[in-house]
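Report on one structure; see the data block that follows.
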Amino acid sequence: MTSDEIRRTFREFFQQRDHLRLPSASLIPAELDPSALFTVAGMHPLKPYFLGSERPPHPRLTTCQKTFRTADIEIIGTTTRHLTFFEMLGNFSIGDYFKREATQFAWDLSIQGFGFRAEDIWITVFAGDDELGLGPDEEAIEAWLEVGVPRERIVECPRSENFWQVGPTGPCGPCSELYLDRGVELGKPDDLPGGENERFLEYWNLVFMQFNQDPVNALMPLPAKNIDTGLGLNRLAAVLQNKASVFETDQFSPLISLGEEMSGKRYGHEFKTDRALRILADHSRAMTFLIADGVVPSNEDRGYVLRRIMRRAILQGRTLALDPGFLGRYADVVSEVMGGEYPELREQRDSIHKWLRDEEVGFGHTLTQGLKLLDELIARATATGAEGIAAADAFRLHDEQGFPIDLTLELVAEHGLGVDEEGFEALMDEQRNRARFSAGRGRVDDTVRARAQALAGEAGFVTDFVGYETTDQETTVGALERDDGRVFVKLLESPFYATGGGQVADSGWLECADGDCFARVDDVVRLGADQVLAVIAERGEPKAGERVHAHVDRGARHATECNHTATHLLHAALRSRLGTHVRQAGSYAGPDKLRFDFSHSQGLSAEELKDVEDAVNRWILENQPVRALTTTLTEAKKLGAMALFGEKYGDVVRMVEVGDGSFSRELCGGTHVRFTSQIGVFKVLGETSSAANVRRIEAVTGPEAVGLMRRHDGALADAGVLLRVPPERVPEAATELRARVKELERAARSGPSNGAVDLDALAAQAHDRDGARWLATVVEVGEMKALLDLADKLRARLGDAAVVLGRAGADHVDLVANVAPTLVQRGVRANDILTAAAKLVGGGGGGRETVARAGGRDPAKLPEAIAAAQAAIEAALEG
């Protein structure tokens, strides 16, 4: 069976048994699921159904889910079956059938669909766990006995093997796995499923999802007993295609062949070559799918994982001497093999090639410099008999050279050495603390969400959102709960928009029909397609069953709608000006402003930013209509509607288009203006970096934008008065004034303060040791250039010497080090000296072994930094 045939056989088997087929969800989990960076299992996108927080489209479901797992990255290529990206086939029951039916389905499909012999199939079941308070899964054992599996082929395994959970908390349950006995010749007579052996291959996992774990080790029954199964398509393909590993199956063999063609080496002759070809095959699949789903390489979260596998692949490409551009060739083969099932691979080809090309070129330079430095560190450690690489050296590779720590660990291990990982993490923590900034995500407080979830679960109805049609609604309080000064209210009909899709929740108030209560709406909690209001009672209090008037703050709603529609226009303008690789990576639309994060590798030029702003304002002036249409997901994609990663879409979607939809068409559940002219005006506040390869634009619209421009006009007029020129001549006058200030600063720097430095007196302070001279001191000079010049002169006067000088400004410190080549050979290195010194003044720097410079933010610690430099020189001379 080909992989396509396996996928089709599985789906058709379960569709014939009343399972609704769902398309694969994104590799990026839904926004409100913080439990994992990636979709790690077939059930992951279905968690709300298992938890009972959302109603499933059908009680029986089947999927082929794109899946990415990070746990096995380091061992990819060394085994025959581990992958980062793979397809997971699954059948699911939400409160419908349970263990007996699930085991019967798995048994029938294994034998009738895939042609396995009954006597070759072994089963594992959960043996129980004292910590969880559970005994052996007797129900599962009985179910397997009923289909005809002998008791001796049913093996009980511990929690580590046969209890499944998607994260530390959440839906979970015992599981039962199907293994294929591939023959005693691949192992020993006493081998068993669940053990470390090649004889038994696990190909299907049946999870009996019956608990919710929260907190850890505390189990509560789910609202209904559920079934979640996972059958790894690639692993099954290896069995059915009679291949020794997944890398020889039909999805992988074209990628292995490509590597052979480009490298001139053959697969199957040498482990090192096999490992490199396997890593390239696996990682190229993973990176192609991740980019197609909207991930871009960065130094955080998902982007870091993507960058990590890209760089591991680039390193292997380097070892095989592949020509530049090889990642793009791999991506094309991935698209050719799998684009029929996953059209996003072809649709996003330009974006995929851009990010692969940028990373291959960028990391190519990093790799050359980092490998050279790492080779030096390894040689030094080997020569001195050290156990490994110091934390400071590993951190310097990471921080200054951009060399990932996981690659350092791998390459160092190949030489039998280690890395002080604990020390490295401590240095990383210090850096994170220095760089930490507040970045709220706008998530609802967990306690508030839990209260709202509980109320919705007990209410027994779903609130009808009528906010697209009206901002005022007479309705009924269907359920209510009080907690900590707040009242949680569930209305039968609600005009209030709940936070979602980047748009903030509506504000407003509830007023009892008889006038005896008034409550301010503090938050609107989104619960899938449902919602709950968190209100603060200001007069009286609403009661369950009472009629109320629900009023949305129309001014705040309209301002928010202006900003939300403007984000759609901004998205379209950016894609038109910069390229189709631009994709939304986060947004905020509130009454005060809009914020839009998007994938792009460099800052926008002034011309690009102007063009984007002009395009948005042109569409606003054209008074384009804004329409929200309800259609199928398939039809929306055919029309080219943009879907956002991190969002979950059903078969029926809401699509918002501007004008004829030719330039802006997005899947969106938010509220919008009816015509673009209602936005008034669009004004960019600024464009900055949000993360690596992610840019951020903040902007205002409507009255906020008009107010901003009036303030700018006022400031320009005031500047004209001060400079005694008309407003249009302010830039010219400011340029002239700035040039005059610079001239005066240069004159001041070349004045008495620098000329007063006594070289003879400074040179007399130098220390002598074993033929080497060194000087570390604080001097008073005007700027870094003067400090560098002074260090040069002192080093020349002292001969074979090391000179470290520091100067303190009002709020910063400058440090320079100048070391003679003969002292470098004795271990005295300028960059090492300043690394130690700069930490003490809260800064950093870098340079060569002979000349380096650094800076810091704590002038009070300069004497300590000079003392540290002295100690570093003395230690190097002693060693």
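The values are calculated or read from the model by the stated rules, or taken from the named source; none is laboratory data. Because the structure is predicted, anything quoted here is derived from the model rather than measured. Backbone-built Cβ (ideal geometry, glycine too); neighbour counts: all protein chains shown. Please note that ligands, DNA and RNA were not included when accessible areas were found on the heavy atoms of the full protein model with its side chains. Shrake-Rupley method; radii C 1.70, N 1.55, O 1.52, S 1.80 Å.
Mind listing whichever residues of the stretch 445-459 are open to solvent by less than 80 Å² (accessible area, probe 1.4 Å) and within 19 Å of L222 (Cα to Cα)? Break it down into steps so the answer makes sense when it comes.
Taking the stretch 445-459 and keeping what is open to solvent by less than 80 Å² (accessible area, probe 1.4 Å), we get 448-450, 452-457, 459.
Answer for the stretch 445-459, where residues must be open to solvent by less than 80 Å² (accessible area, probe 1.4 Å) and within 19 Å of L222 (Cα to Cα): R449, A450, A452, Q453, A454, L455, A456, G457, A459.
Kindly evaluate D789 against the criterion of being of a type outside the set (F, W, Y) and touching a residue at least 24 places away in the same chain (Cβ under 8 Å). Can you show your working first?
Details: of a type outside the set (F, W, Y): yes; touching a residue at least 24 places away in the same chain (Cβ under 8 Å): no.
It is false that D789 is of a type outside the set (F, W, Y) and touching a residue at least 24 places away in the same chain (Cβ under 8 Å).
Only one of (1) among the β-branched types (V, I, T); (2) over 30 Å from H600 (Cβ atoms); (3) buried (at least 23 other Cβ atoms within 10 Å of the Cβ) is not met by T567, so which one is it?
Every condition holds for T567 apart from (2).
Under 8 Å between Cβ atoms, which residue pairs at least 6 apart in sequence (or on different chains) link something in the stretch 796-809 that is more than 20 Å from L834 (Cβ to Cβ) with a partner that is hydrophobic (A, V, I, L, M, F, W, C) and in a helix (DSSP H, G or I)?
R797/L759; R797/A763
For the stretch 66-80, indicate whether the set of residues that are at pLDDT 85 or above, of a type in the set (V, I, T), crowded, with 22+ Cβ neighbours inside 10 Å and under 20 Å from G501 (Cα atoms) is non-empty.
No, because not a single residue in the stretch 66-80 is at pLDDT 85 or above, of a type in the set (V, I, T), crowded, with 22+ Cβ neighbours inside 10 Å and under 20 Å from G501 (Cα atoms).
When H415 is evaluated against the numbered criteria (1) part of a helix (DSSP H, G or I); (2) of a type outside the set (S, T, N, Q); (3) open to solvent by 50 Å² or more (accessible area, probe 1.4 Å); (4) modelled with pLDDT of 85 or more, which criterion, by number, is the only one it fails?
If we test H415 against (1) part of a helix (DSSP H, G or I); (2) of a type outside the set (S, T, N, Q); (3) open to solvent by 50 Å² or more (accessible area, probe 1.4 Å); (4) modelled with pLDDT of 85 or more, just (1) comes out false.
Determine if the stretch 251-263 includes at least one residue that is modelled with pLDDT of 90 or more and of a type in the set (F, W, Y). Before the answer, list the steps.
First pass over the stretch 251-263, keeping only residues modelled with pLDDT of 90 or more: 251-263.
If we keep only those that are of a type in the set (F, W, Y) as well, we get 252.
Yes, the conditions are met somewhere in the stretch 251-263.
Suppose we filter the stretch 196-235 for residues that are closer than 21 Å to S110 by Cβ, out of contact with any Leu (no Cβ under 7 Å at 6 or more places or on another chain) and part of a loop (DSSP other than H, G, I, E, B); how many remain?
1
Which numbered condition in (1) closer than 24 Å to N91 by Cα; (2) at pLDDT 90 or above; (3) open to solvent by 30 Å² or more (accessible area, probe 1.4 Å) is the only one that W164 fails?
It fails just one condition, (2).
Quick check on the stretch 740-751. Is at least one of its residues at pLDDT 90 or above, out of contact with any Phe, Trp or Tyr (no Cβ under 9 Å at 6 or more places or on another chain) and not charged (D, E, K, R)?
Step one: list which residues in the stretch 740-751 are at pLDDT 90 or above, which gives none.
Looking through the stretch 740-751, none of the residues is at pLDDT 90 or above, out of contact with any Phe, Trp or Tyr (no Cβ under 9 Å at 6 or more places or on another chain) and not charged (D, E, K, R).
Given the criteria under 28 Å from V652 (Cα atoms) and either buried (at least 16 other Cβ atoms within 10 Å of the Cβ) or among the acidic types (D, E) (or both), does V532 qualify? Steps first, answer last, please.
Numbers: under 28 Å from V652 (Cα atoms): yes; either buried (at least 16 other Cβ atoms within 10 Å of the Cβ) or among the acidic types (D, E) (or both): yes.
Considered against the rule, which asks whether it is under 28 Å from V652 (Cα atoms) and either buried (at least 16 other Cβ atoms within 10 Å of the Cβ) or among the acidic types (D, E) (or both), V532 comes out as yes.
Within the bounds of the stretch 815-829, is there any residue that is small (G, A, S), out of contact with any Phe, Trp or Tyr (no Cβ under 8 Å at 6 or more places or on another chain), closer than 28 Å to H398 by Cβ and crowded, with 18+ Cβ neighbours inside 10 Å? Full working, then the answer.
We begin by selecting, within the stretch 815-829, every residue small (G, A, S); these are 817, 820, 827.
Going one step further and asking which of them are out of contact with any Phe, Trp or Tyr (no Cβ under 8 Å at 6 or more places or on another chain), we end up with 817, 820, 827.
Those still in the list that are closer than 28 Å to H398 by Cβ too: 817, 827.
Then drop every residue that is not crowded, with 18+ Cβ neighbours inside 10 Å, which leaves 817.
Yes, the stretch 815-829 contains a residue that is small (G, A, S), out of contact with any Phe, Trp or Tyr (no Cβ under 8 Å at 6 or more places or on another chain), closer than 28 Å to H398 by Cβ and crowded, with 18+ Cβ neighbours inside 10 Å.
Within the set of pairs 6+ apart or on separate chains, which have a first residue in the stretch 37-63 that is in contact (Cβ under 8 Å) with a residue 24 or more places away in the chain, a second that is crowded, with 20+ Cβ neighbours inside 10 Å and among the basic types (K, R), and C-beta atoms under 8 Å apart?
From the stretch 37-63, the pairs are L37/R302; F38/R302; T39/K66.
Quick grid of which residues meet (1) in contact with a helix residue (DSSP H, G or I) (Cβ under 8 Å, 6 or more places away or on another chain); (2) part of a strand (DSSP E or B); (3) of a type in the set (A, V, I, L, M); (4) surrounded by fewer than 18 Cβ atoms within 10 Å (Cβ to Cβ):
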| residue | (1), (2), (3), (4) |
| --- | --- |
| F461 | no, no, no, yes |
| E469 | no, no, no, yes |
| A479 | yes, yes, yes, no |
| F488 | yes, yes, no, no |
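I'd like the full set of residues that are more than 26 Å from V295 (Cβ to Cβ) and basic (K, R), limited to the stretch 663-695.
Within the stretch 663-695, R674, K683 meet the criteria.
Do any residues in the stretch 139-152 that are under 14 Å from F105 (Cβ atoms) have Cβ atoms under 9 Å from those of residues that are open to solvent by 70 Å² or more (accessible area, probe 1.4 Å), where the two are at least six apart or on different chains, and which pairs are they?
Pairs found: A143/R100; A143/E101; A143/Q104; W144/R151; E146/R100; E146/Q104; V147/R100; V147/Q104.
Out of the residues in the stretch 168-209 that are surrounded by fewer than 22 Cβ atoms within 10 Å (Cβ to Cβ) and of a type in the set (S, T, N, Q), which is modelled with the highest pLDDT?
Selected residue: N197.
List pairs: first residue in the stretch 598-616 and among the small types (G, A, S), second residue open to solvent by less than 10 Å² (accessible area, probe 1.4 Å) anywhere in the structure, Cβ distance under 7 angstrom, at least six positions apart or on different chains.
Listed pairs, sorted by first residue: S599/V582; A615/A573.
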